[in-house]
Amino acid sequence: MLLYHFPPLPQSVQSGRITTLGRGGSDLTASLIGAAAGFDEVQVWKDVDGILTADPRSCPNAKPVPFVTFEEAQELAYFGAQVLHPVAMQPAMRVDIPVRVKNSYNPSAQGTLITRTHREQPLVSAITSKSGVQMVDICSTRMLGQYGFLSLVFKTFETHRLSVDVIASSEVSVSLTLNKKGAADESGHEVAALVKDLANVADVRVTSGHSIVTLIADVKRSSSVMAIVFSVMARLGIQVEMMSQGASKVNISLIIPEAREKEAVTALHRCFFEDMVCEIPITSVEEVLKMGMPTATVAAAA
């Protein structure tokens, strides 16, 4: 095996000055060079034993994930995991070169191998979360069946340069969360302008204090995943405000109150990764309704 060490490549900016790349710059450099040279594997060395099943600050028992796909690693990075930047893997992914995440403080650890396809397919691979999220509920005031509503909504978001994280929609309404980094300035001027522009066609409500909890999961078994998720949420009394399944078919995202984020992630991690039995004894529909959960989301125990 040949081992090369490269510092981050310089980046030319519009002014013509030379600067270093930002977060993930060294990872992107390694991925670019590995892809261009046709290496068998790109290794990225960090201070943890690979990609973990959760943030160890919230879940002390978080463990390394041995294998993930490029899609799963990108979703994890986008929705809060800090090990890799979402863009860093793209050069290696284009030419199908595996990326291995290793720990420079524990080089004997296996680390995480990132490949195009799965070598193992667990029910849930990892859990991540993102706090400080704004949620926007948009309900059309047009006649039912009139086309062009969603097109108009997203055109307005484009006009105000507001990026969306998670979305759930129907014919006449859409709920979504805003990407903090690409969204409004601190005073909220862009969001206020968005609400004003949509006022002629929709009722718009913007709320803060939410978190996104994302499970990187085998979506083919989403019924099994969500049975556990909703039983945990019901047991903790946490209201799921919105749910979305990504088009990539590798993630399921929940919007919950920000104040309950750590509690929810810890409990979910115990169920999926720490062999905790996660069952909720419900003997009647009345008990389900007391928990504030739709009857369709929780199966009653016999």
Net charge of Cβ neighbours under 14 Å - reference Phe70; Lys, Arg +1; Asp, Glu -1
-1
Figure the gain on full extension for His160 and Lys196 (residue separation times 0.36 nm, minus the Cα-Cα span) and round it to one decimal in nm.
11.8 nm
With a cut-off of at most 12 other beta carbons within 10 Å, and DSSP calling the residue loop, which GluC sites (Glu not before Pro) in the stretch 47-122 qualify? Please list them.
Glu120
With all protein chains present and a 1.4 Å probe, the order of Lys220, Lys155 from largest accessible area down is Lys220, Lys155
Quick tally, 1.4 Å probe accessible area for Tyr78, Tyr105, sorted with the most first, runs Tyr105, Tyr78
Protection proxy ranking of 167-176, 34-43 - average other beta-carbon atoms within 10 Å, highest first:
167-176, 34-43
In whole percent, what relative contact order does the stretch 128-273 give with Cα contacts below 8 Å and a gap of six or more residues?
29 percent
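The values are calculated or read from the model by the stated rules, or taken from the named source; none is laboratory data. Treat the numbers as computed from the prediction; the structure is a model and nothing was measured. All Cβ positions, glycine included, derive from the backbone under ideal geometry; neighbour counts span all protein chains shown. Remember, those area values only see protein heavy atoms, side chains included, never the ligands or the DNA or RNA. Shrake-Rupley method; radii C 1.70, N 1.55, O 1.52, S 1.80 Å.
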